[in-house]
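First the structure, in the form of structure tokens, and then the observations on it.
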Amino acid sequence: MPLSLSSSLTRSGLTGWLTCTLLALPSASTASAYPVIPAAPPHTLHSAAIKSAAAKKVVPAPLSELTPLPPAPRRPAPPLVPFQTISPTTPLTAQSGLTQMPARPAAQLQPVQTPPVQTQSTPKPPVDPLYAQQWNLSAINVAAGWAVTPGQAITVAVLDTGYVDDPELKGRLFNGYDFVSDPERAGDGNGYDPDASGVGEFVYHGEVVANIIAAAHDGVGMAGINPKARVVAVRVVGQDGMIAPQDLINGMRWAAGLKVAGVPANPRPARIINLSLYADFIALTGCDTRIQAAIDEVVARNVLIVAGAANDRTDAAGYTPAGCRGVITVAATNREGTRSSYSNFGANVALSAPGGEPGDGLVLSGLAGRQTRNGTSFSAPQVSGVASLMIGLDPTLTPQQVTALLRRTARPFASGCDPDSRKSCGAGLLDAGAALKAVEAQQR
């Protein structure tokens, strides 16, 4: 059986195979002034888009030859007039023809007025109506991060359910490419094609993942972490919520600007790739070697990969890409700051970010309005958003340096993320303010 987006379903009765790859959990939307989007059915989601004119040649007229000027007439030099000098010992009196200036009193030294040191102040919070309900943003200390930088135009590729033209990303969202090879699973009548538009009931998934990263601070809906980021929507998830390994490989390579046979080059290569999913049609026995090879190529191109840990309450090491080398794997925490009941864990997890619990999810918005969602699908893009602010502040940062900074500045769990010490959640909870201050300090 395959799998694609991360949900809350467990793998009971399954031996080595998954049921779905999006890393989002089904959850009830809450009532508000915004329309409500229904939760996805639990049987599919396992966690959870020249002119030219010839110039007329003008030939300048030749310059006329210049006639040399006649020599100037010789004039006698004027007679020398002796200049009266004054001996240093001669007093300055009226006899010398000079008037002595009265002595000036000594100037009084005034203290230098030093301008006050300008300190950073917390910017005004977004006026988006859902911002006050986005408890996850205060949990990751994002306001302190915005005091360092309000946003950076870094390109993030969201490999997910595809392109949805959400006005929250107006002018910054790009329709990338459709890498669902199976026409039946694609649901659009063909395989690979240049239209990454989402198809099917799970299209909300990629839309809200992108909004977590980059939704505008525009007084509408939710507030994104980096409201200036650019998002390239790349479709790798079929209408069934499943992800084929080769489609994921090609999607990652294309997003990073690497060549994919038969596909035009990506005109907007990303610095960050967000993967709120894991690969289907493979056993959960570790990172798939083919996908690991693609990840190595992408990271060597200075592209950061962030992945959700998945939602099966087990070790993330068996999942792809969560268990792969060179990936920032993100576990989910709840409002109390401990591991979400569904979240995967283990040594492959780099750090954690809020993912909520069933009944107490993250407040998000999309074309369908206000909604609440749970899952590591929504933890990962918070790390991607903060990473985009970091790279915008210092574009020379490598994936390895970003990873190290995020881990070093994460807030440690007071008593561990789980009563069971074997269920580790990485270095701690994502801290946007601390991470961005660390980048800023390195630049001094």
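The values are calculated or read from the model by the stated rules, or taken from the named source; none is laboratory data. As the structure is a prediction and not an experimental result, all values here were calculated from the model. Cβ: placed from backbone, ideal geometry, glycine included. Neighbour counts: every protein chain shown.
Structure summary
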quantity	calculated
Residue satisfying condition, being more than 18 Å from ALA307 (Cβ to Cβ) and in contact with a Lys or Arg (Cβ under 6 Å, 6 or more places away or on another chain), within set GLY361, GLY366	GLY361
Residue, farthest from the chain's Cα centre (by Cα), within the stretch 295-314, restricted to residues that are among the small types (Gly, Ala, Ser) and buried (at least 17 other Cβ atoms within 10 Å of the Cβ)	ALA310
Qualifying residue in the stretch 342-353 (condition: buried (at least 24 other Cβ atoms within 10 Å of the Cβ), within 23 Å of GLY198 (Cβ to Cβ) and within 17 Å of the chain's Cα centre (by Cα))	no
Options ARG230, ARG253, ARG172: the member that is within 15 Å of PRO321 (Cβ to Cβ) and among the basic types (Lys, Arg)	ARG253
The stretch 393-411 residues that are modelled with pLDDT under 95, paired with ones that are among the acidic types (Asp, Glu) and assigned to a helix (DSSP H, G or I) (beta carbon under 6 Å, 6 or more apart)	none
2 or more residues under 23 Å from HIS205 (Cβ atoms) and of a type outside the set (Asp, Glu): qualifying helices (runs of 4 or more DSSP H) within the stretch 373-444	380-393
In the stretch 408-430, the residues that are farther than 19 Å from ARG313 by Cα and either touching a Phe, Trp or Tyr at 6+ places or on another chain (Cβ under 6 Å) or surrounded by 21 or more Cβ atoms within 10 Å (Cβ to Cβ) (or both)	THR409, ALA410, LEU430
Checklist (1) under 14 Å from the mean Cα position of the chain (by Cα); (2) basic (Lys, Arg); (3) more than 24 Å from LEU436 (Cα to Cα) applied to ARG271, failing item	(3)
Filter result (in a loop (DSSP other than H, G, I, E, B) and small (Gly, Ala, Ser)) within the stretch 255-309	ALA256, GLY257, ALA261, GLY262, ALA265, ALA270, SER276, ALA279, ALA283, GLY286, ALA309
Unique match (being in contact with an Asp or Glu (Cβ under 6 Å, 6 or more places away or on another chain) and within 18 Å of ALA210 (Cα to Cα)) among GLY392, GLY375, GLY361, GLY366	GLY366
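The rows are residues; the columns are (1) hydrophobic (A, V, I, L, M, F, W, C); (2) closer than 20 Å to TRP135 by Cβ; (3) assigned to a helix (DSSP H, G or I); (4) at pLDDT below 95.
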{"position": "VAL209", "(1), (2), (3), (4)": "yes, yes, yes, no"}
{"position": "ILE212", "(1), (2), (3), (4)": "yes, yes, yes, no"}
{"position": "LYS228", "(1), (2), (3), (4)": "no, no, no, no"}
{"position": "ALA233", "(1), (2), (3), (4)": "yes, no, no, no"}
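So that you can scan it fast, the table gives a plain yes or no per residue for (1) farther than 20 Å from TYR204 by Cβ; (2) surrounded by 18 or more Cβ atoms within 10 Å (Cβ to Cβ):
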{"residue": "MET222", "(1), (2)": "no, yes"}
{"residue": "PRO227", "(1), (2)": "yes, yes"}
{"residue": "ARG230", "(1), (2)": "yes, yes"}
{"residue": "VAL237", "(1), (2)": "no, yes"}
{"residue": "ILE243", "(1), (2)": "no, yes"}
{"residue": "ALA255", "(1), (2)": "yes, yes"}
{"residue": "ASN274", "(1), (2)": "no, yes"}
{"residue": "ASP280", "(1), (2)": "no, yes"}
{"residue": "ALA293", "(1), (2)": "yes, no"}
